Structure formats: structure tokens, C-alpha cells
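Asker: I'd like to ask some things about the structure below.
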Amino acid sequence: MNAPDTHAPTHDLVIETLRPLLAAEVRAELPAAAEPHDLEQAVWVRLLEHLGTDGPPTDPAAWLTATVRSEARRQRRTTFRELPYVTEPAADTAESDPERRAIARERAGALHAAVRRLPGRCPRLIGALLSPKDLTYREIAGELGISQGSLGPERSRCLGCLRRIMVSEVAPTSGRGKG
């Protein structure tokens with residue numbers, strides 16, 4: 001069993017005694033526009049580290065004053081080196097987000113697999129519609145050897161088949177309905 005911490009009451013007393021002095025020292029070190037909380041927190045962390053390794057400082061007020069000044073200098077140097085963004089950084093786009101790219105590849109793979117399972121001329125027709133060449137209806141009809149007038153009804157039938165296959169394989173995307 002661990003021995004009780006005999007320094008705990010002393011630590012609490014040191015902290016309570018130093019709290020008003022810390023607030024005054026921080027206000028004296030920081031410009032009026034600066035937030036004191038970060039500096040206070042840094043000094044408390046340093047005090048806890050000191051208490052854990054060396055026990056209470058022999059002259060707590062002098063230690064606190066020196067530590068506040070040291071931490072304030074460090075924060076000023078850090079602030080001086082930090083450069084703010086001129087504008088906000090751009091949000092991740094679908095192209096730069098690995099998760100979104102993976103999901104897009106997975107959906108494209110599921111779509112192409114479903115297209116291959118379509119009946120009759122549907123795989124070729126949907127493949128032509130999805131082609132990066134951006135074919136016209138006249139070019140698609142010529143490629144498939146059907147009349148341009150029958151292309152619309154055939155496309156509609158093929159898309160209906162594709163829709164039924166995809167509903168069972170790919171969850172609908174959010175953004176529809178309430179919720």
C-alpha cells in the first residue's frame with residue numbers, strides 16, 4: 001500500500017497562498033489585450049512539476065515572480081514567431097480527403113460492377129453514358145447500332161434496372177428527407 005502524501009496539505013497551502021500573487025504578476029507581465037489564462041496555466045504546471053521533483057520552493061514568492069517572467073518571455077517569443085493566416089485555410093475538398101476519395105472509389109466500383117450485371121445492351125449503353133468522352137446521343141446510338149429515337153426509352157429501362165441493383169448494394173446518401 002502506498003504511503004499517504006504528507007506534502008498534500010503543504011502543496012494546497014502553497015497554491016492558495018500564491019494564487020493572488022500569480023494573478024498580479026501575470027497582469028503586470030502581459031499587455032492589456034493578452035489573455036492571462038495561458039500564462040497562469042503554464043506557471044501552475046511549472047509549480048506542480050517543481051513540487052513533484054523538489055517540493056515547495058524555498059522562497060515561493062521569488063520563485064513565482066521569476067517563473068511568471070520566464071513563461072511570459074517564452075510566450076512572447078512563441079507569439080512573435082507565429083504568423084496568422086491571411087485568410088482561413090481552405091476546407092478539405094473531396095479530392096484532398098482520403099476518406100472521401102476511398103468512399104468515392106468504392107461507390108464507383110459498386111456502380112461499375114452493377115453495370116456489368118445489367119441485361120442485354122444495358123451494360124454497353126450505360127457504359128457509353130458514363131464515358132469520359134461525353135458522347136452525344138447520336139454517337140451512342142451509332143456505337144450501339146440502334147436508332148437515336150429508341151435510345152431514350154432504352155436508357156430509361158436500363159437506368160431502372162441499375163437503380164434496382166444499386167438500392168440493394170449502396171446505402172442512399174444523406175441529404176434526402178428529414179433528419
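The values are calculated or read from the model by the stated rules, or taken from the named source; none is laboratory data. Computed from a prediction, not measured in an experiment: that's the story for all the values here. So basically every Cβ, Gly included, is an ideal-geometry build from the backbone, and we count neighbours across all protein chains shown. Surface areas here come from the heavy atoms of the whole protein model, side chains and all, with no ligands, DNA or RNA. Shrake-Rupley method; radii C 1.70, N 1.55, O 1.52, S 1.80 Å.
Asker: Select from segment 64-89 the residues that are hydrophobic (A, V, I, L, M, F, W, C) and open to solvent by less than 90 Å² (accessible area, probe 1.4 Å) and write down the one among them that is nearest to Glu35 (Cα to Cα).
Answerer: Among residues in segment 64-89 that are hydrophobic (A, V, I, L, M, F, W, C) and open to solvent by less than 90 Å² (accessible area, probe 1.4 Å), the one nearest to Glu35 (Cα to Cα) is Ala72.
Asker: State whether the residues of segment 90-103 include one that is more than 30 Å from Pro36 (Cα to Cα), open to solvent by less than 50 Å² (accessible area, probe 1.4 Å) and part of a helix (DSSP H, G or I).
Answerer: Among the residues of segment 90-103, at least one is more than 30 Å from Pro36 (Cα to Cα), open to solvent by less than 50 Å² (accessible area, probe 1.4 Å) and part of a helix (DSSP H, G or I), which makes the answer yes.
Asker: Here's a follow-up. Being surrounded by fewer than 11 Cβ atoms within 10 Å (Cβ to Cβ), within 30 Å of Glu154 (Cα to Cα) and modelled with pLDDT of 85 or more is the requirement here; does Pro123 meet it?
Answerer: no
Asker: In segment 53-63, how many residues are open to solvent by 50 Å² or more (accessible area, probe 1.4 Å), closer than 22 Å to Val26 by Cβ and within 42 Å of the chain's Cα centre (by Cα)?
Answerer: Residues in segment 53-63 being open to solvent by 50 Å² or more (accessible area, probe 1.4 Å), closer than 22 Å to Val26 by Cβ and within 42 Å of the chain's Cα centre (by Cα): 0 in total.
Asker: Go through Pro119, Pro60 for me and flag whichever is closer than 30 Å to Arg164 by Cβ and out of contact with any strand residue (DSSP E or B) (no Cβ under 7 Å at 6 or more places or on another chain).
Answerer: Pro119
Asker: Now for a different question. When you go through Thr136, Thr79, Thr65 one by one, which is the residue that is closer than 30 Å to Leu18 by Cα and either touching a Leu at 6+ places or on another chain (Cβ under 6 Å) or at pLDDT 85 or above (or both)?
Answerer: The unique qualifying residue is Thr65.
Asker: OK, next. Of the residues in segment 20-43, how many are farther than 11 Å from Glu71 by Cα and either in contact with a Phe, Trp or Tyr (Cβ under 6 Å, 6 or more places away or on another chain) or in a helix (DSSP H, G or I) (or both)?
Answerer: Summing the residues that are farther than 11 Å from Glu71 by Cα and either in contact with a Phe, Trp or Tyr (Cβ under 6 Å, 6 or more places away or on another chain) or in a helix (DSSP H, G or I) (or both) in segment 20-43 gives 10.
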